[in-house]
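Engineer: The structure that follows is given in the form of structure tokens.
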Amino acid sequence: MHRSANYLAGVGYALIFGFSFLVIKEALVALDPIELLAMRFCLAALIMSVLGLTRIVRLDYRGKPLRDLLVACLFQPILYFVCETYGVRESASSTAGIVLGALPAAVAVLGSIMLNERLSRRQSACLCLSILGVATIVIWGGAIDGRAGSLRGFLFLLGAVASATFFNIYSRKSSRSFTPVEVTFAMMWSGAVVFGGLALVRAFASAGARGPLELIGRAAPAWAGILYLGALSSVLAFFFVNFTLSRLKASQSVVFANLVTVVAIVAGVLIRGEAFGPLQLAGSAMIVIGVWGTNAPSG
């Protein structure tokens with residue numbers, strides 16, 4: 001029963017994040033990255049607050065150690081989204097795919113050091129198979145876009161991997177004292193405060209008192225996307241992430257992130273009519289088998 005819930009949560013956040021790339025692409029036509037992040041997390045924080053005030057979800061931070069939770073919120077969403085946004089913008093898509101695809105390996109290494117979590121030989125092999133599947137899709141499956149990208153973009157991507165890695169570790173540590181809902185609530189409000197504050201400062205600087213109203217007006221064509229990103233891709237998907245981190249080793253939970261690559265490909269094929277070749281099929285199969293093997297019970 002617990003294993004089924006873990007798989008459902010892992011696949012759930014992979015599905016939501018996978019389709020979010022299409023939504024973000026459309027929303028960025030109306031808003032710049034900081035504005036979109038501000039709208040996304042302010043809406044997510046509002047949703048979480050309503051759920052808490054109506055006691056649909058239970059929140060209790062009294063007497064609990066906040067250090068690990070605050071560190072987790074610093075790395076995700078704040079540092080991760082800053083690094084990912086500018087890293088993807090200034091890098092080749094192939095570079096971004098390779099670097100971000102290395103996240104499960106980075107979490108496995110750091111998890112063994114900081115959490116004393118070890119994978120069996122079979123689980124390690126399956127984790128590597130999943131990473132190889134990402135590389136197959138990105139390098140040999142036609143995802144290379146011909147741009148070399150900048151050194152600064154590459155460094156931003158490394159920062160994104162480091163941020164996501166440390167988030168997985170500290171969310172896992174926070175799960176000893178906080179529920180997945182409490183971790184998610186703190187994350188949404190940290191994103192709302194930081195990105196919302198940045199967006200407001202920029203709006204006032206550019207247009208004075210009219211700035212915030214102009215920002216809301218420009219966001220009108222993107223509200224459907226903002227709703228998806230705020231309600232699903234932030235609140236629900238990050239709840240699933242924190243849920244799996246509360247049940248599984250960090251290295252087992254994060255391997256579901258590679259399924260995002262598969263979902264993004266399927267979304268591109270079904271919605272945008274993009275090509276799907278044999279190498280993409282092979283890479284997707286390696287990812288799925290790797291995810292299953294990393295989380296399947298031993299013995």
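Engineer: Going residue by residue through segment 248-263, is there one that turns out to be free of Cβ contacts under 8 Å to residues at least 12 places away in the same chain and farther than 30 Å from residue 67 by Cα? Show your work before the answer.
Structural biologist: Going through segment 248-263, the residues free of Cβ contacts under 8 Å to residues at least 12 places away in the same chain turn out to be none.
Looking through segment 248-263, none of the residues is free of Cβ contacts under 8 Å to residues at least 12 places away in the same chain and farther than 30 Å from residue 67 by Cα.
Engineer: Exactly one of (1) within 24 Å of residue 175 (Cβ to Cβ); (2) in a loop (DSSP other than H, G, I, E, B); (3) out of contact with any Leu (no Cβ under 9 Å at 6 or more places or on another chain) is unmet by residue 76. Its number?
Structural biologist: (2)
Engineer: Can you confirm whether segment 268-285 contains a residue that is among the hydrophobic types (A, V, I, L, M, F, W, C), touching a Leu at 6+ places or on another chain (Cβ under 8 Å) and buried (at least 17 other Cβ atoms within 10 Å of the Cβ)? Lay out the reasoning, then the answer.
Structural biologist: Step one: list which residues in segment 268-285 are among the hydrophobic types (A, V, I, L, M, F, W, C), which gives 269-271, 275-276, 279, 281-282, 285.
Right, trim to touching a Leu at 6+ places or on another chain (Cβ under 8 Å) and you get 271.
This time we only want the ones that are buried (at least 17 other Cβ atoms within 10 Å of the Cβ), so: none.
Among the residues of segment 268-285, not one is among the hydrophobic types (A, V, I, L, M, F, W, C), touching a Leu at 6+ places or on another chain (Cβ under 8 Å) and buried (at least 17 other Cβ atoms within 10 Å of the Cβ), which makes the answer no.
The rows are residues; the columns are (1) crowded, with 16+ Cβ neighbours inside 10 Å; (2) of a type in the set (A, V, I, L, M, F, W, C); (3) under 29 Å from residue 13 (Cβ atoms).
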position	(1), (2), (3)
175	yes, no, yes
178	yes, yes, yes
183	yes, yes, yes
203	yes, yes, no
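Engineer: Give the residues of segment 1-47 that are small (Gly, Ala, Ser) and in contact with a Gly (Cβ under 7 Å, 6 or more places away or on another chain), sorted by residue number. Even if it seems obvious, please write down each step before you answer.
Structural biologist: First, the residues of segment 1-47 that are small (Gly, Ala, Ser): 4-5, 9-10, 12, 14, 18, 20, 27, 30, 38, 44-45.
If the condition is that a residue be small (Gly, Ala, Ser) and in contact with a Gly (Cβ under 7 Å, 6 or more places away or on another chain), then 27, 38, 44 are the ones that fit.
Engineer: Let me ask something else. Pick out, from segment 197-298, the helices (runs of 4 or more DSSP H) lying fully within it that include 3 or more residues that are within 30 Å of residue 115 (Cα to Cα).
Structural biologist: On the way: elements: 211-218, 223-227, 237-247, 250-254, 259-272, 278-295.
Because the criterion is at least 3 residues that are within 30 Å of residue 115 (Cα to Cα), the helices (runs of 4 or more DSSP H) in segment 197-298 that meet it are 237-247, 250-254, 259-272, 278-295.
Engineer: Which is over 15 Å from residue 254 (Cα atoms), in contact (Cβ under 8 Å) with a residue 12 or more places away in the chain and over 20 Å from the mean Cα position of the chain (by Cα), of 203, 192, 207, 186?
Structural biologist: Values: 192 fails: over 20 Å from the mean Cα position of the chain (by Cα); 207 fails: in contact (Cβ under 8 Å) with a residue 12 or more places away in the chain; 186 fails: over 20 Å from the mean Cα position of the chain (by Cα).
Exactly one of 203, 192, 207, 186 is over 15 Å from residue 254 (Cα atoms), in contact (Cβ under 8 Å) with a residue 12 or more places away in the chain and over 20 Å from the mean Cα position of the chain (by Cα), namely 203.
Engineer: How many residues are loosely packed, with under 15 Cβ neighbours inside 10 Å and closer than 13 Å to residue 224 by Cβ when one looks only at segment 20-59?
Structural biologist: Summing the residues that are loosely packed, with under 15 Cβ neighbours inside 10 Å and closer than 13 Å to residue 224 by Cβ in segment 20-59 gives 2.
Engineer: Please verify whether residue 4 is of a type in the set (S, T, N, Q), within 20 Å of residue 239 (Cα to Cα) and either buried (at least 16 other Cβ atoms within 10 Å of the Cβ) or modelled with pLDDT of 90 or more (or both), treating the condition exactly as stated. If you could, list the steps in order and put the result at the bottom.
Structural biologist: Working: of a type in the set (S, T, N, Q): yes; within 20 Å of residue 239 (Cα to Cα): yes; either buried (at least 16 other Cβ atoms within 10 Å of the Cβ) or modelled with pLDDT of 90 or more (or both): no.
Judged against the criteria, residue 4 is not a match.
Engineer: Okay, moving on. For residues in segment 62-89 being in contact with a Pro (Cβ under 9 Å, 6 or more places away or on another chain) and surrounded by fewer than 19 Cβ atoms within 10 Å (Cβ to Cβ), which is nearest to residue 194 (Cα to Cα)?
Structural biologist: Selected residue: 86.
Engineer: If you go through segment 15-61, how many residues are in contact with a helix residue (DSSP H, G or I) (Cβ under 6 Å, 6 or more places away or on another chain) and in a helix (DSSP H, G or I)?
Structural biologist: Within segment 15-61, residues that are in contact with a helix residue (DSSP H, G or I) (Cβ under 6 Å, 6 or more places away or on another chain) and in a helix (DSSP H, G or I) number 26.
Each row is one residue, and each column tells you yes or no for (1) closer than 30 Å to residue 265 by Cα; (2) among the polar types (S, T, N, Q); (3) at pLDDT 95 or above; (4) more than 17 Å from the chain's Cα centre (by Cα).
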residue	(1), (2), (3), (4)
47	yes, no, yes, yes
55	no, no, no, yes
72	yes, no, yes, no
87	yes, no, no, no
91	yes, yes, no, yes
94	yes, yes, no, yes
98	yes, no, no, no
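The values are calculated or read from the model by the stated rules, or taken from the named source; none is laboratory data. The structure presented is a predicted model; accordingly, all values stated were derived computationally and were not measured. Ideal geometry is used to build each Cβ from the backbone, glycine not excepted, and the neighbour counts take in all protein chains shown.
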